[in-house]
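The values are calculated or read from the model by the stated rules, or taken from the named source; none is laboratory data. Note that this is a predicted model, so its numbers are computed, not measured. Cβ placement follows ideal geometry from the backbone for every residue including glycine, while neighbour counts extend to all protein chains displayed. Please note that ligands, DNA and RNA were not included when accessible areas were found on the heavy atoms of the full protein model with its side chains. Shrake-Rupley method; radii C 1.70, N 1.55, O 1.52, S 1.80 Å.
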Amino acid sequence: MQPQITVILDNGASSIKAGLARGPEGDDDDQPKLISNAIVRSKGDKTTYFGHQLERCRDYSALHYRLPFEKGYLVDWDAQKAVWDGVFSSEVLNVDTAESSLLITEPYFNLPNIQDVYDQFVFEEYEFYSYHRCTPAATIPFGHLFQAGGPSPPECLVVIDSGFSFTHVVPIINNQIQWYAVKRLDVGGKLLTNQLKELVSYRQWNMMDETYIMNHAKETCCYVSTGFFEDLETCRSNPKKNSIVREYVLPNFSINRPGRIRLPNEELSTTDQVLHMENERFTIPELLFRPDDIGLEQSGLAATVAASIALLPHDLRGMFWANIGLIGGSTNFPGFYERLSSELLSLTPVEYDLQIYRSEDAITEAYRSAIAFVNDPAFSAHVVTREEYLEVGSNASRRKFPGWQSSSAPGDADISKITQESMIEDRGQPSRKPNRSRMRTTTAPGRRR
């Protein structure tokens with residue numbers, strides 16, 4: 001019998017979104033606990049913090065991070081176990097793992113050897129009753145991101161997941177990821193923060209050791225420009241006084257005051273240190289759309305989306321253009337949606353309509369979708385139990401969790417079958433493709449209580 005409690009672990013490279021699903025009749029954790037996925041050493045108070053303990057830190061200057069993830073893959077299992085131990089403890093979720101099920105997310109194109117270690121940790125170290133492992137985008141069709149387009153999720157959709165390590169474009173047909181068309185852009189939140197550290201250190205203060213502070217400055221000050229060269233000219237013509245320049249007041253941890261943008265006419269004390277954020281505000285996020293600015297031989301995000309859709313069955317491409325969803329923390333930049341819409345509109349074939357959906361909280365959208373997936377009656381058929389694992393090992397997971405290794409591009413017979421099924425199910429229903437002239441921002445509501 002499936003346990004009533006399912007632990008949801010959206011195991012990101014930067015942060016873990018954790019919570020409990022208590023079944024259709026239970027009270028789910030709609031808002032996850034956001035936990036830093038790192039072991040952090042603070043030079044200020046000479047203390048080491050494991051995951052959830054970082055919120056106790058009072059001096060965030062010169063933090064040293066030990067990250068379980070490297071280049072998008074989980075490689076430091078000792079560090080990850082230390083973080084997970086705290087998540088499952090009484091200080092955070094307070095769960096008995098032996099009496100619980102688990103849904104955990106994994107990286108895209110995860111390596112088979114790493115997947116086997118996931119199985120070992122889940123069943124041998126923590127002894128979960130059962131578990132399901134999938135990528136963040138695989139949960140999105142069960143959530144509410146595309147709900148504004150109709151009562152049921154579309155059969156064909158594209159998820160843009162811009163996270164900490166990479167940005168992925170993930171097409172999905174009938175809840176199945178089409179791995180042959182998945183594209184990866186080697187730009188994520190980590191690269192953007194590191195690039196900002198280098199620019200600021202070259203122009204103003206040496207901030208190469210201040211990852212935490214510069215990440216906060218990036219999230220507070222940066223935006224995606226919809227007129228890049230105009231903004232660049234504005235900064236060049238009058239570098240110190242223009243509409244783009246912002247003054248970021250560095251935090252003062254001796255009096256427990258965080259970093260902030262200086263308000264107009266705000267008086268500063270003699271101890272305040274200020275970063276002048278000029279064209280850094282928009283040249284850093286610009287790397288998502290122009291990665292060749294730093295020598296990456298890749299197309300920008302819009303061209304990557306178009307290239308991914310071009311690999312999909314021709315008869316279905318219109319549905320993909322009409323159902324594009326945004327998740328991941330790097331999609332939260334102001335102006336990201338408007339810039340992506342503008343560039344994609346110029347790449348969309350004239351016979352198709354374009355619709356982009358964005359969430360109220362792109363960081364936790366995968367978590368909320370996972371909650372909906374767990375509450376779906378079909379979820380129990382997608383889990384591997386501890387008994388199955390003890391009987392056949394990781395082969396049980398390979399059968400239940402079809403990955404990118406076993407996927408291939410569909411042939412003509414597969415395309416015909418998909419198209420026929422779509423026509424049969426949609427017969428007599430109005431088209432869900434929106435009109436280009438009324439392309440609008442669509443915000444997905446939070447989970448219903």
How much FRET efficiency would the formula 1/(1 + (r/R0)^6) give for W404 and S152, where r is the Cβ-Cβ distance and R0 is 25 Å, rounded to 0.05? 0.40
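Under a 1.4 angstrom probe, counting protein chains only, how are M319, M207 ranked by accessible area, largest first? Write down the numbers at each step before the final one.
Values: M319 45, M207 10 Å².
These residues rank, largest area first, as M319, M207.
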Give me the accessible area of L345, 1.4 Å probe, in Å² rounded to the nearest 10. 60
All-pairs alpha carbon distance profile, segment 253-297, 5 Å steps from 0, percent: 5, 14, 19, 17, 11, 11, 10, 10, 3, 0
I'd like the accessible area for C134: 1.4 Å probe, protein heavy atoms, all chains in place, Å² to the nearest 10. 10
Computed [θ] at 222 nm, deg cm²/dmol, the chain (DSSP H ≥ 4; -39,500 (n - 2.57); rounded to nearest 500): -8500 deg cm²/dmol
Mind checking the per residue accessible area of the chain for me, 1.4 Å probe, whole number of Å²? 47
Multiplying the sequence separation of D186 and I114 by 0.36 nm and subtracting their Cα-Cα distance, what value in nm do you get? 23.9 nm
Rank A303, A366, A378 by mean-square fluctuation in a GNM of the chain with C-alpha springs under 10 angstrom and give only the top-ranked residue. A378
Please compute the modelled spin-label separation between D272 and Y352, points set 7 Å along Cα→Cβ, answer in nm with one decimal. 5.0
Using a 1.4 Å probe on the protein heavy atoms, what percent of the accessible area of the chain belongs to carbon and sulfur? 49
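What longest range of the chain stays clear of loop-exposed GluC sites (Glu not before Pro) (DSSP non-H/G/I/E/B, at most 10 other C-beta within 10 angstrom)?
Value returned for the longest uninterrupted segment is 26-266.
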Segment 199-231 scanned against label point 7 Å out from D292 along Cα→C-beta; backbone N under 18 Å for 228-229
Taking a 1.4 Å probe, which of V170, V392 shows the most accessible area, and what order do the others take after it? V392, V170
Highest GNM mean-square fluctuation among V169, V83, V75, for the chain with Cα springs under 10 Å, belongs to V75
Length gained when the stretch E125-D59 is fully extended (0.36 nm per residue, less Cα-Cα span): 20.4 nm
With labels modelled as points extended 7 Å from the Cα through the Cβ direction, what inter-label distance (nm, one decimal) is found for E99 paired with E219? 3.5
Rounded to whole Hz, the Karplus (6.51, -1.76, 1.60) HN-Hα couplings of segment 350-361, x for glycine and proline: 4, 7, 10, 9, 10, 9, 10, 10, 10, 9, 5, 9
With only alpha-carbon atoms counted, please give the Rg and Dmax of the chain, in Å. 22.9, 73
Taking the simple approach of a point 7 Å from Cα along Cα-to-Cβ for both T47 and K241, what is their distance in nm? 4.5
Please check: in the Gaussian network model of the chain (C-alpha springs, under 10 Å), which one of S380, S90, S359 has the largest mean-square fluctuation. S90
